[in-house]
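Here's the structure, in structure tokens; my notes come after.
Just so it is clear, none of the values below were taken in a lab; they were calculated from the coordinates. Since the structure is predicted, the reported quantities are computational estimates derived from the model, not experimental observations. Counting neighbours? That spans all protein chains shown, and the Cβs are built from the backbone with ideal geometry, glycine included.
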Amino acid sequence: MNNNATQKELPIISQEELEEIKKALPKSSWGVNGRELLFYQGFWFSESMLARTLSFQRHFIARDSDLIITGLPKTGTTWLKSLLHMIVNREISPVTQNGLLKNHPHELVYTLEGDIYGEAFAYPQPQHLDELPSPRLLSTHLPYAPLPESIRTSNCRLLYTCRNPFDALTSLFHFVTAMVEKSNVGEPPRFEDIFESFCQGKTPNGPFFEHVLTYWKMSLEQPDKVLFLKYEDLKDDPVSHLKRVAEFVGMPFTLFEESEGVIDQIIEFCSFGNIKELEVNKTGDLKTFFEKKSFFRKGEVGDWKNHFTPAMTEKMTELMEEKLRGTGLSFKLIP
Ligand code: PPS
């Protein structure tokens, strides 16, 4: 892959073409005010995310040096963005002056199909990507198979974050509820409706287990290409996992840094309690429809216990056992 390759030419995608593509796709509601998801390349996307995804697929050119965070929504993306930003920039901006003091993590690590491509540009235009210095820190919620070809074939590295499905679903429910309340359009969703959709695989970028398992498999087959991280592991043993991340991106901590406490400083700075309380994350919006604070809710393992009925617990447990059987993957459900 040519490391100097640049964005493919605009225009992104025409409305006409999009309508043609949409017509041919299966559709389903998912318990949020009758909003529809469309089934594209084996996964479910909202209408606006489909348009952005198509643009992203067609136009993005990866650099070998790119570091791309991937994962389903609500599985620890914001946390990993913070940690990765600090690991990569630790020489030029130490903890006391780091970029997270003045920027929300999503403003430092762009979500490709959310911030860069599509109709509602909030931050940079696609050309801006070419101006970012290497290594570029980027992110996407896309499953593995629909990723732009250059991501799959270049030497860029993927850091996958996942979380147990019980907490991921609970977090998604609260996030969507906050979005509906902010927009003042329609009724807030019901937990039981989102639960049923989730079990049927119908949530944005779902099916959940298929998303997780393709990256899991890739991480076993190509460990230099895909690093697989679990939210619960990061909570349990942040030091080891921070070291894994730093090694994976080719910037291991030196013994001197370890003895100076750099790892602990990064963990502490990015801890839920600290980062949630930063002024920059407490007020204002990201684009127009997300409140910055909605990306920091409880930050715990096991909050699902406050939402699941015994019947839901049984159903999700059975589904998880069925999907993960023989894969070697398991999740921790309580702290
Ligand atoms: S998004 O919209 O996909 O970017 O959301 P994502 O960041 O993947 O997930 C949001 C959940 O992660 C929690 N969070 C954190 N946990 C621990 N430490 C830190 N620093 C942190 N930052 C965000 C956030 O609170 C959401 O989980 P819930 O369970 O809803 O609290």
**Report entry** the stretch 166-181 - phi-based ³J(HN,Hα) in whole Hz, Karplus 6.51/-1.76/1.60, Gly and Pro as x
**Finding:** 5, 6, 4, 5, 4, 5, 4, 4, 5, 5, 5, 4, 4, 5, 5, 5
Query - In the stretch 65-114, GluC sites (Glu not before Pro) in a DSSP loop with at most 16 other beta-carbon atoms within 10 Å - result: GLU91
**Report entry** P(r), alpha carbons of the stretch 27-324 - 5 Å bins starting at zero, rounded %
**Finding:** 1, 5, 11, 16, 19, 18, 15, 9, 4, 1, 0, 0
Query raised in the report: Which of the trypsin sites (Lys or Arg not before Pro) found in the stretch 285-335 are in a DSSP loop and have at most 10 neighbouring Cβ atoms, other than their own, within 10 Å?
Result: ARG325
Requested in this report: Identify, among ILE92, TYR231, LEU108, the residue whose Cα sits farthest towards the positive end of the charge dipole of the stretch 27-324, taking +1 on the Cβ of Lys and Arg and -1 on the Cβ of Asp and Glu, with the dipole about the Cα centre.
Outcome: LEU108
Query raised in the report: Given charges of +1 on the Cβ of Lys and Arg and -1 on the Cβ of Asp and Glu, with all other atoms neutral, how large is the dipole of the stretch 27-324 about its Cα centre, in debye to the nearest 20?
Result: 440
Report task. Would you please give the residues with an amide H less than 5 Å from that of SER29, counting only those at least 5 places away or on a separate chain, with H modeled from the backbone geometry? Result -> LEU37
Requested in this report: Name the residue farthest towards the positive end of the dipole of the chain from the options SER197, ALA311, SER139, assuming +1 on Cβ of Lys and Arg, -1 on Cβ of Asp and Glu, about the Cα centre.
Outcome: ALA311
Report task. Quick one: which residues, 5+ away or cross-chain, put their amide H under 5 Å from the amide H of CYS162? H built at 1.01 Å from N. Result -> LEU229, LYS230, TYR231
Report summary line: Subtracting the Cα-Cα distance of THR317 and VAL95 from 0.36 nm times their residue separation yields 75.8 nm
**Report entry** Estimated vicinal HN-Hα couplings, Hz - the stretch 39-55 in sequence order (Karplus 6.51, -1.76, 1.60; Gly, Pro = x)
**Finding:** 9, 10, 6, x, 9, 9, 9, 5, 4, 6, 5, 5, 4, 5, 5, 4, 5
Query raised in the report: Taking 0.36 nm per intervening residue step and subtracting the Cα-Cα distance, what contour gain separates ASP303 from MET251 on full extension?
Result: 15.3 nm
Query raised in the report: Can you list the aspartates and glutamates whose alpha carbon sits under 14 Å from that of LYS27, skipping same-chain ones fewer than 8 residues off?
Result: GLU19, GLU36, GLU47
Query raised in the report: Based on the Cβ-Cβ distance from PHE289 to SER259, what FRET efficiency comes out when R0 is 45 Å, to the nearest 0.05?
Result: 0.50
Query raised in the report: Pairs LYS202/LYS305; LYS22/LYS323; LYS74/LYS293; LYS74/LYS202: which exceed 18 Å Cα-Cα?
Result: LYS202/LYS305; LYS22/LYS323
**Report entry** TYR110 long-range amide H proximity, modeled H, under 5 Å
**Finding:** SER139
Report task. State the extension gain, in nm to one decimal, for the chain segment bounded by VAL280 and LYS332, taking 0.36 nm per residue of separation less the distance between their alpha-carbons. Result -> 15.6 nm
Query - Approximate spin-label separation LYS23-GLU181, in nm, with each point projected 7 Å along Cα-to-Cβ - result: 4.1
Query - Per-residue HN-Hα couplings for the stretch 258-269 [Karplus 6.51, -1.76, 1.60; θ = phi - 60°; Hz; x = Gly/Pro] - result: 4, 5, 7, x, 4, 4, 4, 5, 5, 4, 5, 4
